[in-house]
Amino acid sequence: MEFTGAEIVTRCLAEEGVEFVFGYPGGAVLNIYDEIFKQNKFKHVLVRHEQAAVHAADAYSRASGKVGVALVTSGPGATNAVTGIATAYMDSIPVVILSGQVPTAAIGLDAFQEVDAVGITRPCVKHNFLVKDVRDLAATIKKAFHIAATGRPGPVLVDIPKDVTAHKTEFVYPDSVSMRSYNPVLKGHSGQIKKAAQMLLEAKRPMIYAGGGVVLGNAAEQLTELAKLLHYPVTNTLMGLGGYPATDRQFLGMLGMHGTYEANMAMQHCDVLLAVGARFDDRVIGSPAHFAREQRRIIHIDVDPSSISKRVKVDVPIVGDVQQVLDELIKLLKASKEKPDEAALNTWWTQIELWRSRNCLKYNRESEIIKPQYVVEKLWEITKGDAFVTSDVGQHQMWAAQFYKFDKPRRWLNSGGLGTMGVGLPYAMGAQLAHPDATVACITGESSIQMCIQELSTCKQYRIPVKIVNLNNRYMGMVRQWQEFFYGSRYAESYMDSLPDFVKLAESYGHVGMKIEKTADVEAALKEAFSPALKERLVFMDFQTDQTENVFPMVEGGKGLSEMILAEEL
Amino acid sequence: MMSSRHIISLLMENESGALSRVAGLFSARGYNIESLTVAPTEDATLSRMTIVTVGSEDVIEQIIKQLNKLVDVVKVLDLTEGSHIERELMLVKVRAAGKEREELKRMADIFRGRVIDVADLTYTIELTGTGTKLDAFLQAIDESAILETVRTGASGIGRGDRILKV
């Protein structure tokens, strides 16, 4: 039986077991929308801006581990989606974006709502396709899902001209994909894994540094088992939070530009470093030259060969799926007669505890003006550390990362790589739809939240009861902080003037709004917002926080990891 | 770190946009391209590309990894890692009037070039060889005689049983 291209699209999505498609209709995708109307295999979520469609699909993927799907029209639909696509790309999130395109005969003629979507998105997708023939459509969509989800995951865009959605052909959905040009290596080299095991056992000052690859590769369990087996300290990158239980004593906190003193010092001074699913990026190790000053041997496990020896030379590269490689490593370590050097390890832990005793995350708990850190701490307490937490970008993001202790993977959703302001609310939507019964909190700021505020409307329509924790300091806080430190306190354009009344704004969208102005009121407000009475409602909590609060510790750009600025030094 | 010249050969799916993926990768990551040639192979579904680039060992390693990461790329080989042959084709149009004609014909012969177009006032000379040989020819003839040059960029192939094939 023959189907139109549009029917094939919806059938492919059904075959893939897609639950939600986040999208926005328009001329080039009307045939597809007509088929969406007629089917009941998946739900369509109408966002208010295409950027949010991709963010929500991205978040759905982060929270569930499945591939997210977004659908946008040609031209501005595609260009609006680009920020979302680039965000997913930088954090290696599997998303399939279907974009409409003008009819094949009109391509290249500057047709209405025409844009070269494949060209524009090329640098920020894992791969993309333009489908020129309806007979290629099903196989291309199959490939898109396969490429997005395997190897190092990432977004894949499929651009579909309008005439292709109208043409008819037989529908056969392929069972599998075979591509001679794409075969990611999953099994680590066993000789290298042996070397890694040996090196780990020889360590006097070991350190485990785990990134987003552990979360994406579903290897949190393996990472925890390995660390427990060896009793070695662990740090997570911003993207890796939740990959190791944050409340565990072996966890030193996040590392990097705003990492803890103990994590950064241990990272700098270790003699054997096990890097798992992390990429030594500039926000994590600071200056590579400074990092290289200390002698250490590095083992690096990553599914992407190009992440290895990119910024830092490593001694034992292992390309493969982190879960599989860690499993093998654990097996070898368990079978080995050798054990870690206990005396050396004790000395190392004593040193680490000394670093930890600096209590680098301390802040003024007596303050009457609300301290943002306090709000996050209370949020953690009240949600019992078990919420899905999204953030936007800036100071509040760092406080969320520092003070919300994630014990489980896929609970922390933020734009780590691209640093996209505006992701918080659509991320919360995606997470809530993936886990309808879970508690979802969006930690944001008054500047970031305004970048996708229109999604309050989507939340109303679909009854998405996320809780928004707005840390409102009337500044683009991180910009203000840099201006204070490095630009002589000249706060150029970082003050957020003419803010809306967020309570009224939330109410006008049909939600619950709260304004909290004193430290003493924080706990009660959070308790109310997360109470069963408001479980079905979106609550927008507008916390008026200290305008001058800064994020510490801080490693200035280009400086070394151990050259941190601590709160007490100012 | 020492930079050196590398000739990277690759096979990729012969699909529209494949070239722009490679070119885009080089520009986005700030890698050099000295020359780039591309054409289909005996298997029409595959294109063969030769890229001449300059970089340190670390950069070349990254280039090869990044090229391998492109979904359309089937195989990548750094030809300069082993023995190989490199050829480039150049067409040069020179002013050739009066006694210059004899001299230019002689130079072309010395460099094993051929005159492939003769007009009243010009010759077009075809020359193949390594890039340095072509440079040498251009230096050997009177600079003011050169009216136009067109070069293909290098193509390369491994010697003996060094074969890049799917």
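Computed from the coordinates by the stated procedures, all read-outs in this text should not be read as laboratory data. Model, not experiment: these values are computed from the prediction. Backbone-built Cβ (ideal geometry, glycine too); neighbour counts: all protein chains shown.
From helices alone, chain A scores -11000 deg cm²/dmol at 222 nm; the rule is -39500 (n - 2.57) for each run of n ≥ 4 DSSP H residues, then divide by the residue total. Considering only Cα atoms, the convex hull volume of the protein assembly as shown works out to 201 Å³ per residue. Within the stretch A:427-502, the trypsin sites (Lys or Arg not before Pro) that combine a DSSP coil assignment with at most 13 other C-beta atoms in a 10 angstrom radius are A:ARG463, A:ARG490.
Around the Cα centre of the stretch A:174-307, unit charges on the Cβ atoms of Lys, Arg, Asp and Glu (plus for the first two, minus for the last two) sum to a dipole of about 360 debye.
FRET efficiency for the A:ASP282 to A:LEU566 pair, using the beta carbon distance and R₀ = 30 Å, is estimated at 0.90. Rounded to the nearest 20, the size of the Cβ-charge dipole of the stretch B:1-108 about its Cα centre is 540 debye, with Lys and Arg at +1 and Asp and Glu at -1.
Peptide packing for A:378-385, A:240-247, A:76-83 was compared via the average number of neighbouring C-beta atoms within 10 Å per residue; ordered from the highest value, the list is A:240-247, A:76-83, A:378-385. Loop-located chymotrypsin sites (Phe, Trp or Tyr not before Pro) in the stretch A:101-161 (DSSP state not H, G, I, E or B) with no more than 11 neighbouring Cβ atoms inside 10 Å: A:PHE112. Separation of the alpha carbons by more than 26 angstrom is noted, of A:LYS310/B:LYS133; A:LYS371/A:LYS405; A:LYS334/A:LYS384; B:LYS65/B:LYS165; A:LYS331/A:LYS408; A:LYS310/A:LYS339, for A:LYS310/B:LYS133; A:LYS334/A:LYS384; A:LYS310/A:LYS339. With the largest listed first and rounded to whole Å, the semi-axes of the equivalent ellipsoid of the stretch A:2-170 from the Cα gyration tensor are 21, 18, 15. Note on chain B: semi-axes of the ellipsoid equivalent to its C-alpha gyration tensor, largest first and rounded to whole Å, are 35, 17, 15.
Sorting B:98-108, A:39-49, A:433-443 by their mean Cβ neighbour count within 10 Å, with the most densely packed peptide first, gives A:433-443, A:39-49, B:98-108. A viscosity of 1.306 mPa s and a temperature of 10 °C, combined with the Kirkwood radius over Cα pairs in Stokes-Einstein, give a translational diffusion coefficient for the stretch A:190-356 of 103 µm²/s. In this Cβ point-charge picture (+1 for Lys and Arg, -1 for Asp and Glu), the protein assembly as shown has a dipole of about 1220 debye about its Cα centre. Note: the stretch A:253-323, Cα convex hull, 83 Å³ per residue.
Inter-chain Cβ neighbour count for A:316-324, averaged per residue, equals 0 (cutoff 10 Å, partner chain atoms only). Lysine pair count for the stretch A:2-170 (Cα-Cα distance under 15 Å; residues 8 or more apart in sequence or on different chains): 5.
Residue separation of A:LYS518 and A:LYS66 scaled by 0.36 nm, minus their Cα-Cα distance, works out to 158.6 nm of gained length.
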